[in-house]
Amino acid sequence: MSISTADVIVTSPGRNFVTLKLVTSDGVVGWGDATLNGRELAAAAYLRDHLVDTLIGRDEDRIEDTWQYLYRGAYWRRGPVTMAAIAAVDMALWDIKAKKAGVPLYQLLGGASREKLRVYAHASGNDYAALSQAIRGYVEEGYTAVRIQTGVPGLDSVYGVSATAKPGEKYDYEPAHRSARPDEEEWDTPAYLRHVPTIFEKVREEFGPELRLLHDGHHRMSPIEAARLAKSLEPHDLLWLEDATPGEDQDAFRLIRQHSTTPLATGEVFNSVYDYQTLITERLIDYVRSAPTHTGGVTGMKKLLDFAGIYGIRSGLHGPTDVSPIGMAAALHIDLAIHNFGIQEYMPHSDLTLETFRTSYTFDRGFLHPGDTPGLGAELDETLAAQHPYTPAYLPVNRLLDGTLHDW
Ligand code: KDG
Ligand code: MG
């Protein structure tokens, strides 16, 4: 059998998603995610203009060969657009293979290595009262791990804290604003470094030692600033400090490691195992943060996590709402199957997104499971998708108080 049609669907049920639909000559449908926040049309064009024609007539069972064909065959290696496009093809092929076998995808990856997947929620607040209310809400729902993001006195908006959410309100925090160009935000690293440890002290005092706490620095600190934060957070026993400094400078992580035992996570903006080479072989991080959607799909992510596992480094896969429910399902099947699972990020999609994409993964008291539907267990309703056309939306850019452009 072979692939007979390949369609690229860009839809915006609450936010933009890029989906690939492959259909085989005997009618088996496979779904894949190529969503790249703020650059969706580039990923869609790569698929439509450069890959679709090469997929028609190809044997759908030859997943590794297709992956190598798209990766090596492009000549131009890696990059977020290329790897998101390859990811969509790869996920759709795994979806088809598992459907043909009549099993959930995790069975083809070696079967379940655990019963359920611990996830972490996003708690935030402009002040401590709002943050504490959000954490309490998650603890009542059964979460055992919570990411803490706080407003910073003197700054109007800060990454991870919704400017509009009311205290304790659950929201689909979406920093990619719907407009033709990015919003601009202001940033002050010294104010942030002074404030964050005081918040963690209060959280530990109120919620005790057992709740697992995480924090995302979102690429904003220099290596020595990151080392200072990691050191000052040590008494508060974080599960991880994420993206303490921009990850493309892999050597910079040595400096943070020299100063602190706070576990480190990075990689959501990476797209291949080579972006992690120094970080993994020198054990400079503890968790791999990429999403299958951005790293060449199930095949790319399995290669990366198997490599990390040799060095005792675990998964903490990226699961924001800008990965589609199809990409999220792929992450959950990998999580369930691998030995070196750490934790999974879980930002539930909005109701509108989940009406448009149907999923079989389930949440129960702080844990997810991918479900036992054959394949990925996630698909797009094309009729509903057509009702929500693409809308330009961009992540903000950041400037220091003197106007210098900074990492967002
Ligand atoms: O598109 C950017 C988001 O995925 C990112 O800002 C979310 O940092 C993020 C996280 O840890 O989920
Ligand atoms: Mg992050």
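The values are calculated or read from the model by the stated rules, or taken from the named source; none is laboratory data. In this text, all values refer to a predicted model and were calculated from it rather than measured experimentally. Here the Cβ is made from the backbone with ideal geometry for all residues, glycine too, and neighbour counts use every protein chain on show. For accessibility, only protein heavy atoms count, side chains too; no ligands or nucleic acids. Shrake-Rupley method; radii C 1.70, N 1.55, O 1.52, S 1.80 Å.
The H on the amide N of ALA121, modeled in the peptide plane, is under 5 Å from the matching H of ALA145, VAL146, ARG147, each at least 5 residues off or on a different chain.
Counting 0.36 nm for each residue step from GLU64 to GLU382 and taking away their Cα separation leaves a gain of 111.6 nm. Using only the Cα atoms of the stretch 305-400, each taken as one equal point scatterer with no solvent, compute I(q) by the Debye sum, divide by I(0), and report log10 of the ratio at q = 0.10, 0.12, 0.13, 0.16 Å⁻¹. Taken in order of the listed q values, log10 I(q)/I(0) reads -0.35, -0.49, -0.56, -0.78.
Highest mobility in the GNM of the chain, judged by mean-square fluctuation with C-alpha springs under 10 Å and restricted to GLY57, GLY375, GLY342, is found for GLY57. Rounded to the nearest 10 degrees, the inclination of helix 189-207 to the longest alpha-carbon principal axis of the chain is 90 degrees. 7 Å from Cα along Cα→Cβ at both ALA45 and ILE9: what's the point-to-point distance in nm? So the label points at ALA45 and ILE9 sit 2.3 nm apart.
With a 1.4 Å probe and all protein chains left in place, how much accessible area per residue does the chain have, in Å²? Before the final figure, lay out each step's value.
On the way: 16110 Å² over 408 residues.
The answer is 39 Å² per residue.
Extension gain for ASP53 to SER350 (0.36 nm times residue separation, less C-alpha to C-alpha distance): 103.5 nm. Sorted largest first, the spans of the alpha carbon positions of the stretch 3-104 along the three principal axes are 36, 35, 22 Å. Here LYS303 is the anchor, and the aspartates and glutamates within straight C-alpha reach of less than 12 Å, apart from those fewer than 8 places off in the same chain, are GLU64. Greater than 27 Å separation of Cα atoms is the criterion. Which listed pairs, LYS231/LYS302; LYS202/LYS231; LYS116/LYS302; LYS99/LYS302, meet it? With Cα atoms farther than 27 Å apart: LYS231/LYS302.
Tally up the carbon and sulfur contribution to the accessible surface of the chain as a whole percent, 1.4 Å probe, everything protein left in place. Answer for the chain is 51 percent, counting heavy atoms of protein chains only. Charge dipole of the stretch 3-104 (Cα centre as origin; +1 on each Lys and Arg Cβ, -1 on each Asp and Glu Cβ, all else neutral): 280 debye, rounded to the nearest 20.
Using a Förster distance of 30 angstrom, determine the FRET efficiency expected from the C-beta separation of GLU282 and ARG399, and round it to 0.05.
On the way: r = 33 Å, r/R0 = 1.11.
About 0.35, to the nearest 0.05.
ASP372 to SER179: FRET efficiency via 1/(1 + (r/R0)^6), r the Cβ-Cβ distance, R0 45 Å, to the nearest 0.05? Provide the component values of the computation, followed by the final result.
Values: r = 42 Å, r/R0 = 0.93.
FRET efficiency, ASP372 to SER179: 0.60.
Take the Cα of SER113, go 7 Å toward its beta carbon, and the backbone nitrogen atoms of the stretch 332-368 under 11 Å from that spot belong to 334-343.
Which part of the stretch 233-272 falls in the paramagnetic zone of ARG77, meaning amide N under 12 Å from the point 7 Å along Cα-to-beta-carbon? Hits in the stretch 233-272 for ARG77 at 12 Å: 272. The length gained by stretching the chain between VAL29 and ALA129 to full extension, at 0.36 nm per residue less their Cα-Cα distance, is 31.2 nm.
For the chain, the share of DSSP beta bridges that are antiparallel, to the nearest 5, is 45%. The Cα atoms of the stretch 82-168 cover 55, 34, 18 Å along the three principal axes, with the biggest extent listed first. Quick check: the angle from helix 297-310's long axis to the longest principal axis of the chain, C-alpha only, nearest 10 degrees? Helix 297-310 sits roughly 50 degrees off the main axis of the chain. Spin-label pair VAL139-THR391: with each label point 7 Å from Cα along the Cα-Cβ axis, the two points sit 3.7 nm from one another.
Scaling against 2.2 N^0.38 Å puts the C-alpha radius of gyration of the chain at 0.95.
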